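Report on the following structure.
The values are calculated or read from the model by the stated rules, or taken from the named source; none is laboratory data. For clarity, every value in this text was computed on a predicted model and none was experimentally measured. All Cβ positions, glycine included, derive from the backbone under ideal geometry; neighbour counts span all protein chains shown.
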Amino acid sequence: MPIYNYKGRDRTGKPVQGKMEAASRVELASKLRDMGYLVSAMTEEGFVAAVPSLVSRIARVKTEAILMFNVQLAALISAGITLIRSLRVLQRQVESGKLRDMLVEIIGDVEGGSALSAAMRKHPTVFPKFYVSMIAAGEASGELPRILTRLAGYMEEQANLRGKLKNALMYPVVLSVVGLVIIILISTIVLPQFVTIFEQSGVPVPSLTMLIFHVGTAIRNYWYAIIAAIAGLVVLFRLYSRSEKGNLAIDGLKLEIPLFGKLITKAAVARFSRTLSMLISTGVPVIQALEIAGATLSNEVLARSIKGVSESVKAGKGLAGPLRLSGHFPPLTVQMVATGEETGELDKLLGKTADYYDMEVDHAIKRLSVLIEPVFLIVMGLTVGLIMASIMIPLFRMVNVVSVR
């Protein structure tokens, strides 16, 4: 559908302007009239003018933008400002173009009588099912500001966890890239020159040197084919990982990787426990909360495990037993859930479980950072040293030959 720019005034007489998709000018005018706008001008965007809007739609809304939106909306509603007026204030303030356009649509839906959660449900790429369910629970309980604040805290914790993981892997990745570049330069540029000198001097070249020389020659002569082959493998891997069977196999393999497998499991348990705790504490039924919390898990093996637990709970069983039988949840988690079911404080004990595993993940990341850096240094050092040895050994032989002559 075409995109239109519009200008006008709202019910209070304040000037408004923005962009909106519509099948025609008549439909746009109808939408804006339903929003309470008196339109003074509307123009259809051409291709060039539509490019920024297209980029805005493709761009991902950053977690920081949603987090700030939650905090500000909670503060405005807590101050007694109506929901629609609060949304209008935020729509003028947000920096993200995609979020701003989305808020225009949400405001229109809310003014048309929809609940905020229903309006957000139309934008699942920005507001996932878990988020929308929390908003719906806040609307039902009359505690939307508190829910928004808790959502902001939850999102901040998840962003901090992702940041720690990225920081832990950043140094090894950079070190690997630099080391790989050095290895390629030595094997494709430096070593061939030395091999030519050795052969001209009549010095026998070791097998290791010739092996690295042939590898470097292949890289230099067929680099385009190698890049194409790597790109093809990446595409095949992505296609396989997107299939149901491939995604399940890869996620299962992730859980078996030494060190990383336990870290992934602990992070998933922390996220699941935190999400389930928040949902139950806001009045969401346990079965529905399990389905939503399971959907937040990125690992398909663990997500399917939660689906099985949900089916068992639907059949009338407690939560602790199915979690134990799934085999993917640590005994501590099962025990805390069992205690929570017995005492009627499941949400609180799930929150404590999430706190514990958040701390465990934090410590595991720190230990991993301390361990992975020297391991990569040793591996890269040995690799570069091996290549340098392939040059130095025949070089020493050539020196000996020259000195004998």
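Worth pointing out:
- Selected residue (only one of ALA270, ALA320, ALA289 is farther than 27 Å from LEU169 by Cα and in contact with a Leu (Cβ under 9 Å, 6 or more places away or on another chain)): ALA289
- Taken together, VAL337, VAL309, VAL361, VAL313 contain a single residue that is surrounded by 15 or more Cβ atoms within 10 Å (Cβ to Cβ), closer than 15 Å to LYS266 by Cα, at pLDDT 80 or above and of a type outside the set (D, E, K, R), which is VAL361.
- Single residue of the stretch 280-316 satisfying the filter (touching a residue at least 60 places away in the same chain (Cβ under 8 Å), in a helix (DSSP H, G or I) and polar (S, T, N, Q)) that is farthest from ASP251 (Cα to Cα): SER281
- Within the stretch 196-227, the set of residues being under 12 Å from PRO394 (Cβ atoms) and either in contact with a Gly (Cβ under 8 Å, 6 or more places away or on another chain) or among the small types (Gly, Ala, Ser) (or both) comprises SER201, GLY202, SER207.
Let's see how each residue does on (1) in a strand (DSSP E or B); (2) within 30 Å of GLY163 (Cβ to Cβ); (3) in contact with a His (Cβ under 8 Å, 6 or more places away or on another chain); (4) at pLDDT 75 or above:
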| residue | (1), (2), (3), (4) |
| --- | --- |
| GLY13 | no, no, no, no |
| VAL16 | yes, no, no, no |
| LEU32 | no, no, no, no |
| VAL39 | yes, no, no, no |
| SER53 | no, no, no, no |
| ALA65 | no, yes, no, yes |
| GLN72 | no, yes, no, yes |
| LEU76 | no, yes, no, yes |
| ILE84 | no, no, no, yes |
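- Hey, GLY246 over 16 Å from ALA389 (Cα atoms), of a type in the set (Gly, Ala, Ser), without any contact (Cβ under 8 Å) to a residue 12 or more places away in the chain and assigned by TED's automatic domain parsing to the domain that holds GLY327 or not: yes
- Residues considered: ILE230, ILE197, ILE226. Of these, the only one that is in contact (Cβ under 8 Å) with a residue 12 or more places away in the chain and β-branched (Val, Ile, Thr) is ILE197.
- For the stretch 256-273, the criterion of being in the same structural domain as ASP358 (by TED's automatic domain parsing), acidic (Asp, Glu) and under 22 Å from GLN158 (Cβ atoms) is satisfied by no residue at all.
- Condition check for GLY327: farther than 30 Å from ILE186 by Cα, surrounded by fewer than 16 Cβ atoms within 10 Å (Cβ to Cβ) and touching an Asp or Glu at 6+ places or on another chain (Cβ under 8 Å): no
- Restricting the stretch 199-210 to residues that are assigned to a helix (DSSP H, G or I) and exposed (fewer than 12 other Cβ atoms within 10 Å of the Cβ), the residue that is modelled with the highest pLDDT is SER207.
- Enumeration of residues in the stretch 364-402 that are at pLDDT 80 or above, of a type in the set (Gly, Ala, Ser) and under 25 Å from the mean Cα position of the chain (by Cα): ALA364
- For the stretch 246-257, the condition of being polar (S, T, N, Q) and either exposed (fewer than 15 other Cβ atoms within 10 Å of the Cβ) or in a loop (DSSP other than H, G, I, E, B) (or both) holds for none of the residues.
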